[in-house]
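K.L.:
The structure under discussion is supplied below as structure tokens; questions concerning it will follow.
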Amino acid sequence: MDVQTHYRACNLCEAICGLEIKHQDGRVLGIAGDRQDPFSRGHICPKAVGLQDVYEDPDRLRRPLKRTATGWEEMGWDAALDEVADRLRQVRDHHGPHATAWYAGNPSVHNSGTQLSAPGFLRALGSRHLFSASSVDQLPHHFAAWQLFGHPLLLPVPDLDRTDYWLILGGNPLVSNGSLMTAPDVGNRLKAIQARGGRVVVVDPRRTETAARADAHHFIRPGTDVFLLLAMAQVLFAENRVRLGRLADFTDGLGALEAAVAEFSPEQVAGVTGMEAAVIRQLARELAAAGRGVCYGRVGVSVQEFGGLCLWLVSALNALTGHLDEPGGAMFATPALDVLGKPGLYDRHDRYRSRVRGLPEFMGELPVVCLAEEILTPGPGQLRALVTSCGNPVLSTPNGRQLDAALAGLEFMVSVDIYLNETTRHAHFILPPATGLETAHYDVSFHALAIRNTARYAEPLFAKGPDARYDWEIFEGLRQRLGPDAYDPATAPAPENPEAKIDLGLRYGAYGKQGLTLDALRAAPHGVDLGALRPRLPQALRTAGQRLDLAPPLLLADLDRARRALAAPPALAAGQLLLVSRRELRSNNSWMHNAPRLVKGRNRCTLHLHPADAAARHLAEGQLVRVRSRVGTVELPVELTASMMPGVASMPHGYGHHRPGIRLDVAAQHAGASINDLTDETRLDALTGNAALSGVPVWVEGV
Ligand SMILES: Nc1nc2c(c(=O)[nH]1)N[C@H]1C(S)=C(S)[C@@H](COP(=O)(O)OP(=O)(O)OC[C@H]3O[C@@H](n4cnc5c(=O)[nH]c(N)nc54)[C@H](O)[C@@H]3O)O[C@H]1N2
Ligand SMILES: Nc1nc2c(c(=O)[nH]1)N[C@H]1C(S)=C(S)[C@@H](COP(=O)(O)OP(=O)(O)OC[C@H]3O[C@@H](n4cnc5c(=O)[nH]c(N)nc54)[C@H](O)[C@@H]3O)O[C@H]1N2
Ligand code: SF4
Ligand SMILES: [Mo]
């Protein structure tokens, strides 16, 4: 056959870049950016070629695996689904439905099949013990959105293409390509801000790749952003710079907010944040003075003890400065496919608590920091079985070693995953779905978080293998087998495919009346541009009376914790440093280190340390160091760089591929060490349940 061209969006990260893939006879010849995609305009990052590497990877699983006394054995799909359902049913019969648990990882939201079919399976499983990567990533964003806007998925995004002032806290979009902000080609979008005379300012304990391109960068001590944000709000009130604009008609709580922040002056918080009072005051003034400006916070302010407060204050600052729901500010997308669902669907908090530590549920989830203890602690209600999908919590959740040990003791575990990795090696069954280039794709979540309204759908590039199943076929197969009726393959209804759901969602969506159906998207392989973001408040609010309360009671109450921390900042022991994470352009969480083209070159799993901190420990560039925390020890080479704030060390997450029993030949040669063998499951944002991965106290010494 001739060389053919296929267009699709890359589903590896939130930027959803358009791809142009040349192929012939079932082989990929090349992957480039799709210049006709109106949103990504031809941009891609080095990871895009990883889609081909994953597709071709000999280590990628293609048939179900069953663990036996003599090792892993391949088996047929129907027999595997039967056995898995039987085993889950046995646990349920003996110990009740809550003795089973679920962990969903990051790619769940990058696979429309999983995203649309897993909920049905979970209803059949009937367990309260639902965990996900959200509680090591973004629960604070959802919590603040729920409190302020009445729905945890009503997340504002920075309107980058029209802003003239972008204040970034704890995000490194030039490397991550953006998060909770779908903005492909963020590098050129940032340049455009500067080209039109705007400014980009970064607050981060590391002078990041983004900071290097920004107009200003300020170090901040990890975990103290809440004080910076409180003081910025205090300045706005004290200097009479509050301008609600259009929001005034439907906004409450201004007085309560003013009273709450009054005690947090810049001078008051300078010491704890490590920032000069003048700088804090200047940041508040700049945000207020910007005609079009926006404050944006991401992982660095989310995975810390005060994540919920931080994300509340980020939105509050945008509201106070007239930048919420205004062009160039923090706006809400109008996606073609609505993700909010029925009223009340996610309006859930503290309906039940975890058994051992009593941590509250949020959005139907429990915090993953308590997964291991729920497995390890005997007694009524102990977890006996686990289903994982698209996740590698042994490497991605705090105290991964403890979880590693816990998983080994489960009565039953099944993983829906494409690799035999650090987590799935503990499963009794691995069910590998067709993935990436073999799947149809619509970004259900990311169009709803995009900085322009867009929609894009792709058919599979290649047919799935002869004996492969789609993720939705796996979940539907398990759902049917776990349901109340006896399962009979001869009479079971054909599983509902995601296309039907997407088409229905589009027809009932914001652009359905204008003819935006699945067929319309099929006819537009480069995607459809639905225009710039439009103001949506107050109509979009899901709060009582469609009012915006800037001082919601749960958040105000949580300020007590912050007050206590300010009065008595946690003291570090002599020689301790604070550990933070960093992302690397060629790495994607824990799972793409088996792509040969992405891992080649220098070792990226290194500890970044300020030269002064290294000198104090007599450490030389490249030397192997031992990093120790309350929960564990790892060893890795040190890299000295003035880009680190003194007193802070940084290392990437997602490494540690030296554990036995994995089938990741390339990754094992670039094993690195896992930062989550150091992070501590007892550190969390008590309000939202998110892990406090950032700012872990560690000791560093030469080996
Ligand atoms: N210390 C520290 N820890 C962190 C972070 C940090 O910054 N610092 N970041 C956190 C963040 S933001 C996140 S999102 C989490 C991620 O945490 P996880 O989601 O648990 O980890 P991933 O590495 O994304 O694992 C993805 C898994 O999905 C599998 N997979 C890939 N494609 C498919 C597919 O198509 N179908 C199926 N069924 N499986 C597939 C991969 O093989 C892998 O096992 O890590 C968190 N952990
Ligand atoms: N190349 C690549 N891209 C990715 C991923 C990947 O693994 N690799 N992962 C994807 C995922 S799942 C996500 S969620 C996104 C994340 O996207 P981002 O949030 O943009 O990514 P990070 O690089 O984790 O940025 C967090 C920053 O916070 C800083 N930081 C740490 N602690 C603090 C603190 O207390 N305060 C402040 N102000 N800053 C702090 C860190 O130094 C770091 O620079 O990236 C996505 N994109
Ligand atoms: S930036 Fe993200 S979506 Fe774009 S090519 Fe890279 S991994 Fe894919
Ligand atoms: Mo994430």
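The values are calculated or read from the model by the stated rules, or taken from the named source; none is laboratory data. Quantities reported herein were computed from a predicted structural model and do not represent experimental measurements. Note that we place each Cβ from the backbone using ideal geometry, even for glycine, and neighbour counts take in every protein chain shown.
K.L.:
Restricting attention to region 653-664, does a residue exist that is surrounded by fewer than 18 Cβ atoms within 10 Å (Cβ to Cβ), under 24 Å from E209 (Cα atoms) and either away from ligand 1 (no atom under 16 Å from the Cβ) or of a type outside the set (A, V, I, L, M, F, W, C) (or both)?
P.N.:
The answer is no, given that none of the residues of region 653-664 is surrounded by fewer than 18 Cβ atoms within 10 Å (Cβ to Cβ), under 24 Å from E209 (Cα atoms) and either away from ligand 1 (no atom under 16 Å from the Cβ) or of a type outside the set (A, V, I, L, M, F, W, C) (or both).
K.L.:
Tell me the strands (runs of 3 or more DSSP E) entirely within region 127-237 that contain at least 2 residues that are over 30 Å from F250 (Cα atoms) and in contact with a Phe, Trp or Tyr (Cβ under 7 Å, 6 or more places away or on another chain). Don't jump to the end; show me each part of the working.
P.N.:
Details: elements: 129-132, 165-169, 199-203, 216-218.
Output list reads 129-132, 199-203.
K.L.:
Still on this structure, I have one more. Being at pLDDT 95 or above and surrounded by fewer than 19 Cβ atoms within 10 Å (Cβ to Cβ) narrows it down to one residue among H526, H441; which is it? Lay out the reasoning, then the answer.
P.N.:
On the way: H441 fails: surrounded by fewer than 19 Cβ atoms within 10 Å (Cβ to Cβ).
Just a single option satisfies the conditions, and that option is H526.
K.L.:
With the checklist (1) over 30 Å from T70 (Cβ atoms); (2) touching a Leu at 6+ places or on another chain (Cβ under 7 Å) in hand, flag the one item L478 doesn't pass.
P.N.:
The one condition L478 does not meet is (1).
K.L.:
Identify, please: which residue in region 53-95 is more than 30 Å from I21 (Cβ to Cβ) and basic (K, R) and is, among those, surrounded by the fewest Cβ atoms within 10 Å (Cβ to Cβ)? Walk me through it before giving the result.
P.N.:
Taking region 53-95 as the starting set, the residues that turn out to be more than 30 Å from I21 (Cβ to Cβ) are 66-73, 75-76, 78-95.
From the residues that got through so far, the ones that are basic (K, R) too are 66-67, 87, 89, 92.
Numbers: K66: 18, R67: 16, R87: 18, R89: 13, R92: 19.
Applying the filter and picking the extreme gives R89.
K.L.:
Quick check on R452: is it crowded, with 23+ Cβ neighbours inside 10 Å, at negative phi and assigned by TED's automatic domain parsing to the domain that holds D37?
P.N.:
no
K.L.:
Now for a different question. Could you identify the single residue in R41, R35 that is under 25 Å from the mean Cα position of the chain (by Cα), assigned by TED's automatic domain parsing to the domain that holds F462, more than 16 Å from ligand 4 (Cβ to nearest atom) and basic (K, R)? Step through it out loud before you land on a result.
P.N.:
On the way: R35 fails: under 25 Å from the mean Cα position of the chain (by Cα).
Of the residues listed, the single one that is under 25 Å from the mean Cα position of the chain (by Cα), assigned by TED's automatic domain parsing to the domain that holds F462, more than 16 Å from ligand 4 (Cβ to nearest atom) and basic (K, R) is R41.
K.L.:
If I ask for residues that are out of contact with any strand residue (DSSP E or B) (no Cβ under 7 Å at 6 or more places or on another chain) and in contact (Cβ under 8 Å) with a residue 24 or more places away in the chain, which ones from region 185-203 would you list?
P.N.:
D185, V186, G187, N188, R189, A192, R196, G197
K.L.:
What pairs can you find where one residue is in region 34-59 and over 18 Å from S176 (Cα atoms), the other is within 15 Å of ligand 2 (Cβ to nearest atom) and basic (K, R), and their Cβ atoms are less than 9 Å apart, with a gap of 6+ or different chains?
P.N.:
Partner pairs satisfying both residue conditions: Q52/R597; D53/R597.
K.L.:
What's the number of the only condition in (1) within 30 Å of A500 (Cβ to Cβ); (2) within 16 Å of ligand 1 (Cβ to nearest atom) that P398 fails to meet?
P.N.:
Single failed check for P398: (1).
K.L.:
Going by the structure shown, is L116 free of Cβ contacts under 8 Å to residues at least 24 places away in the same chain and either in a helix (DSSP H, G or I) or more than 12 Å from ligand 4 (Cβ to nearest atom) (or both)?
P.N.:
Working: free of Cβ contacts under 8 Å to residues at least 24 places away in the same chain: no; either in a helix (DSSP H, G or I) or more than 12 Å from ligand 4 (Cβ to nearest atom) (or both): yes.
No, not satisfied.
K.L.:
Taking G178 as the residue in question, decide whether it is crowded, with 22+ Cβ neighbours inside 10 Å, small (G, A, S) and under 28 Å from R452 (Cβ atoms). Working first, answer last.
P.N.:
Working: crowded, with 22+ Cβ neighbours inside 10 Å: yes; small (G, A, S): yes; under 28 Å from R452 (Cβ atoms): yes.
Here the answer is yes, as G178 does meet what is asked.
K.L.:
If you check L359, L420, L376, which single one turns out to be in contact with a Cys (Cβ under 8 Å, 6 or more places away or on another chain) and closer than 24 Å to D677 by Cα?
P.N.:
Working: L420 fails: in contact with a Cys (Cβ under 8 Å, 6 or more places away or on another chain); L376 fails: in contact with a Cys (Cβ under 8 Å, 6 or more places away or on another chain).
Among L359, L420, L376, only L359 is in contact with a Cys (Cβ under 8 Å, 6 or more places away or on another chain) and closer than 24 Å to D677 by Cα.
K.L.:
Show the residue pairs meeting these rules: Cβ distance below 8 Å; 6+ apart or different chains; first residue within region 163-180 and in the same structural domain as E14 (by TED's automatic domain parsing); second residue small (G, A, S) and within 16 Å of ligand 4 (Cβ to nearest atom).
P.N.:
Correct list of pairs: empty, since none qualify.
K.L.:
Same structure again: So which residues in region 273-302 are within 16 Å of ligand 2 (Cβ to nearest atom), more than 16 Å from L317 (Cβ to Cβ) and more than 28 Å from the chain's Cα centre (by Cα), if there are any at all?
P.N.:
E276
K.L.:
Yes or no: L324 surrounded by 24 or more Cβ atoms within 10 Å (Cβ to Cβ), away from ligand 1 (no atom under 16 Å from the Cβ) and within 26 Å of D159 (Cβ to Cβ)? Walk me through it before giving the result.
P.N.:
On the way: surrounded by 24 or more Cβ atoms within 10 Å (Cβ to Cβ): yes; away from ligand 1 (no atom under 16 Å from the Cβ): yes; within 26 Å of D159 (Cβ to Cβ): yes.
Answer is yes for this residue.
K.L.:
Looking only at region 433-454, count every residue that is out of contact with any helix residue (DSSP H, G or I) (no Cβ under 9 Å at 6 or more places or on another chain) and within 29 Å of P660 (Cα to Cα) and tell me the total. Outline the logic, then answer.
P.N.:
As a first pass, look at region 433-454 and keep what is out of contact with any helix residue (DSSP H, G or I) (no Cβ under 9 Å at 6 or more places or on another chain): 447-450.
Then keep just the ones that are within 29 Å of P660 (Cα to Cα); that gives none.
Selection size over region 433-454: 0.
K.L.:
Please give the strands (runs of 3 or more DSSP E) falling wholly within region 1-102 in which 1 or more residues are acidic (D, E).
P.N.:
Values: elements: 4-9, 18-24, 27-33, 65-68, 71-74.
Where strands (runs of 3 or more DSSP E) fall fully within region 1-102 and carry at least 1 residues being acidic (D, E), they are 18-24, 71-74.
K.L.:
Determine, yes or no, whether V627 is of a type in the set (A, V, I, L, M), in contact with a Gly (Cβ under 9 Å, 6 or more places away or on another chain) and buried (at least 17 other Cβ atoms within 10 Å of the Cβ). Steps first, please.
P.N.:
Numbers: of a type in the set (A, V, I, L, M): yes; in contact with a Gly (Cβ under 9 Å, 6 or more places away or on another chain): no; buried (at least 17 other Cβ atoms within 10 Å of the Cβ): yes.
It is false that V627 is of a type in the set (A, V, I, L, M), in contact with a Gly (Cβ under 9 Å, 6 or more places away or on another chain) and buried (at least 17 other Cβ atoms within 10 Å of the Cβ).
K.L.:
Hey, another quick one. Do we have L386 as in a strand (DSSP E or B) and either within 16 Å of ligand 1 (Cβ to nearest atom) or within 17 Å of the chain's Cα centre (by Cα) (or both) here? Don't jump to the end; show me each part of the working.
P.N.:
Working: in a strand (DSSP E or B): yes; either within 16 Å of ligand 1 (Cβ to nearest atom) or within 17 Å of the chain's Cα centre (by Cα) (or both): yes.
When the stated conditions are applied, L386 passes them.
K.L.:
Here is a follow-up. When you check G105 against the structure, is it within 16 Å of ligand 2 (Cβ to nearest atom) and modelled with pLDDT of 95 or more, yes or no? Write out each step before concluding.
P.N.:
Values: within 16 Å of ligand 2 (Cβ to nearest atom): yes; modelled with pLDDT of 95 or more: yes.
It is true that G105 is within 16 Å of ligand 2 (Cβ to nearest atom) and modelled with pLDDT of 95 or more.
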